[in-house]
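In what follows, a single structure is set out as structure tokens and then discussed.
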Amino acid sequence: MLGAEPMRGHTIVCGLDLLGVRIVEQLHLFGEPVVVVLHAHDPRLEVVLERWDVPYLIRGASGVTTLAEAGLDAATAVVCTDPSDVINIEMALTARRLRADVRVVVRIANTVVRDAVAADNGPGAVLAVADLAAPSVVEDCLQRITHRLDVAGLDLTVVTDGIDRDATLREIYGDLGPIAVVRGVDNPYAASATPCPPRDTEVAAGDWAALIGTPEELAGHGLAVAPEHPPRSRPRRRNPLVRLRVAAQELWEDVDPNFFRAMAAMAVLVLTSMFLFRYTYTRPGMSFIDALYFSAETIATVGYGDFSFLGQPPMLRLYAIFLMVCGVTNTAVLVGFVSELLVSRRLSQSAGRRQARIMSGQVLLVGLGEVGIRVAADLVAQGHSVVAIELDQNHRNLPRAHELGVSVVFGDGTQRDTLLAAGLTRASAVAILTSSEMANIEVGLVVKELLGDRWDDGLHHPSVPVVLRVFDLPLGRAVAQRFGFRNVRSTVELAAPWFIGAALGLDVIGTFTVWQESFMVGAVTIEPGGGLDGMRLRDLSPATRVVAIDHMAAATLERNPRRDSRFDAGDVAYMIGPYAELISVLRMGRRPAPEREVSAE
């Protein structure tokens with residue numbers, strides 16, 4: 001619980017899910033004072049917070065009172081990470097109204113509300129997990145092993161390369177900045193990477209390296225850079241005969257089985273009447289064509305101008321009554337089935353399956369949640385067609401999917417029939433993005449079985465990249481190693497650096513993933529008297545890479561600075577590294593803030 005002694009210079013974190021827990025954990029590890037606001041008693045979270053010795057309180061009826069109890073007057077930031085947009089908006093707006101200078105970092109998924117809040121948020125940031133995680137998923141789906149970064153006005157690219165000889169990184173790659181090294185494995189996605197090794201690190205044939213440089217610098221070392229948006233043809237349509245066969249199969253599957261029974265009953269009724277009229281109708285007699293015609297007009301009740309039952313035997317007249325009643329009833333049943341086929345929900349639900357069956361080369365998404373719909377939008381914007389599997393037939397993102405032209409197949413993604421109906425065997429990539437980790441793992445294992453030789457294990461080509469969404473990074477690494485998934489992405493791990501950086505007042509430029517290691521790109525202004533003022537690069541954490549220093553006083557940009565380079569007050573340093581390491585370094589650049597006078601009222 002919250003202690004009696006007031007805190008100063010702390011961060012207030014409101015609402016805890018996995019993202020909030022990760023933020024609190026990292027801030028605590030960084031030595032940043034934190035106060036947590038829980039919206040209800042949760043014994044599991046309370047045990048974790050007490051183990052970390054992080055003070056917390058349970059939110060009361062008033063947000064104003066809650067923030068006051070959490071020490072808003074002396075806080076430096078308020079981070080709202082509850083899964084509910086409504087709760088986050090309330091706490092964020094309340095904090096901003098009470099203190100205009102506090103940094104407010106708020107998580108909002110709704111695009112319209114997010115834009116409205118961001119327009120007048122003041123210090124801080126308004127962020128969405130889907131926006132922060134989607135770019136990495138799209139890169140994996142398109143098998144982009146390069147990452148484009150805009151750093152200090154430089155077009156930098158991160159590429160990976162297999163090492164074919166024993167040497168140092170400097171001997172092989174010169175001044176290119178090494179980002180990560182994986183040693184002695186055939187598949188770097190299944191091993192742990194060493195982040196940001198020195199250029200003099202010795203490597204051997206069979207190792208892998210990730211490096212950063214401009215396209216010209218990379219090309220000088222024989223490292224090709226793919227275009228940011230490579231041209232790609234639209235998914236191919238299957239030939240007309242196959243499409244006709246598929247259409248017939250779909251019609252058979254979509255029509256209610258009782259429709260065929262009703263059609264059979266109608267056929268029996270017409271044929272029986274035709275033979276009966278041919279041999280019993282007199283004055284005049286009838287041919288088979290006449291009998292068929294008369295049967296049809298009697299069933300449809302549109303006669304009788306040319307033939308009638310006037311003057312026919314009584315039994316034939318009674319049969320005519322029976323025929324008209326049965327014919328009208330059967331016709332009504334058939335019209336009902338046809339109406340259902342044409343305008344019912346069944347047709348709209350099967351439309352996605354029909355589209356998927358005639359497509360080839362599409363990206364298959366499982367789950368149309370916030371991350372899924374954002375990934376779909378990015379893929380469509382880059383000219384790729386998308387088929388999505390969604391279990392909820394009333395999902396709120398279905399109108400947006402329809403607007404994007406995404407074909408939606410309704411069903412359970414863990415079922416083989418659903419995956420095959422969505423065109424898994426013809427897909428160019430699969431992204432499994434539901435909100436359930438267990439469901440994602442199950443779908444991934446089924447996809448692996450169905451893909452067979454096309455499974456993307458990093459060794460066989462061509463292959464289908466499969467992106468698996470998890471929330472907890474350790475679980476993701478364990479799943480990747482045990483089941484051979486190359487692209488396991490933690491949305492929490494991708495989003496947390498942005499929230500932490502914004503809470504600490506740092507400039508986070510971007511995040512990306514190399515193999516299974518998450519990296520962050522950040523910029524820090526060297527403040528007079530701050531921890532980085534006068535420091536040389538050799539004294540920084542070895543797990544960070546300084547790619548450029550903008551010496552503002554001299555109006556020069558130092559690329560690939562050496563270990564003897566020094567930070568001076570006013571410089572802006574651009575760094576890359578694992579975000580936990582990088583945030584620790586970036587925090588050193590802050591000048592200690594003067595104590596804020598707190599009102600005694």
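Assorted remarks:
- Screening the stretch 170-183 for residues that are in a helix (DSSP H, G or I) and more than 36 Å from the chain's Cα centre (by Cα) and picking the one that is nearest to Ile509 (Cα to Cα) gives Arg170.
- In the stretch 411-422 there is at least one residue that is among the acidic types (Asp, Glu), more than 28 Å from Leu127 (Cα to Cα) and free of Cβ contacts under 8 Å to residues at least 40 places away in the same chain.
- Of all residues in the stretch 136-157, those being of a type in the set (A, V, I, L, M, F, W, C), surrounded by fewer than 23 Cβ atoms within 10 Å (Cβ to Cβ) and either at positive phi or touching a Ser or Thr at 6+ places or on another chain (Cβ under 8 Å) (or both) number 4.
- Test for Pro542: is it surrounded by fewer than 18 Cβ atoms within 10 Å (Cβ to Cβ), at pLDDT below 85 and farther than 21 Å from Pro123 by Cβ: yes
- Summed over the stretch 529-555, the residues that are hydrophobic (A, V, I, L, M, F, W, C), out of contact with any Asp or Glu (no Cβ under 6 Å at 6 or more places or on another chain) and closer than 17 Å to Asp175 by Cα give a count of 4.
- Filter result (closer than 19 Å to Ile87 by Cβ and either touching a residue at least 40 places away in the same chain (Cβ under 8 Å) or not in a helix (DSSP H, G or I) (or both)) within the stretch 42-65: Asp42, Tyr56, Leu57, Ile58, Arg59, Gly60, Ala61, Ser62
- Looking only at the stretch 494-529, and only at residues there that are among the aromatic types (Phe, Trp, Tyr) and outside any helix (DSSP H, G or I), the one that is farthest from Val151 (Cα to Cα): Trp515
- Of the residues making up the stretch 282-329, just one is among the charged types (D, E, K, R) and closer than 21 Å to Ala264 by Cα, namely Glu297.
- Leu379 in contact with a Leu (Cβ under 7 Å, 6 or more places away or on another chain) and of a type in the set (A, V, I, L, M, F, W, C): no
Yes or no, residue by residue, for (1) under 21 Å from Leu156 (Cβ atoms); (2) assigned to a helix (DSSP H, G or I); (3) among the polar types (S, T, N, Q); (4) modelled with pLDDT under 85:
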{"residue": "Gly531", "(1), (2), (3), (4)": "no, no, no, yes"}
{"residue": "Gly534", "(1), (2), (3), (4)": "no, no, no, no"}
{"residue": "Ala548", "(1), (2), (3), (4)": "yes, no, no, no"}
{"residue": "Ala569", "(1), (2), (3), (4)": "no, no, no, no"}
{"residue": "Ala580", "(1), (2), (3), (4)": "no, yes, no, yes"}
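- Scan of the stretch 288-315 for residues that are exposed (fewer than 15 other Cβ atoms within 10 Å of the Cβ) and aliphatic (A, V, I, L, M), ordered by number: Ile289, Ala300, Val302, Leu310, Met315
- Listing of strands (runs of 3 or more DSSP E) fully contained in the stretch 353-436 that carry 1 or more residues being among the small types (Gly, Ala, Ser) and surrounded by 19 or more Cβ atoms within 10 Å (Cβ to Cβ): 386-390, 407-410, 429-432
- Cβ pairs under 6 Å, 6+ apart, first in the stretch 472-488 and more than 20 Å from Arg144 (Cα to Cα), second at pLDDT below 80 and among the small types (Gly, Ala, Ser): Gln481/Ala190
- In the stretch 282-306, residue nearest to the chain's Cα centre (by Cα) [restricted to those that are in a loop (DSSP other than H, G, I, E, B) and touching a residue at least 24 places away in the same chain (Cβ under 8 Å)]: Thr301
The values are calculated or read from the model by the stated rules, or taken from the named source; none is laboratory data. These numbers come from a predicted model, not from an experiment. As a convention, Cβ positions derive from the backbone with ideal geometry for all residues, glycine included, and neighbour counts pool all protein chains shown.
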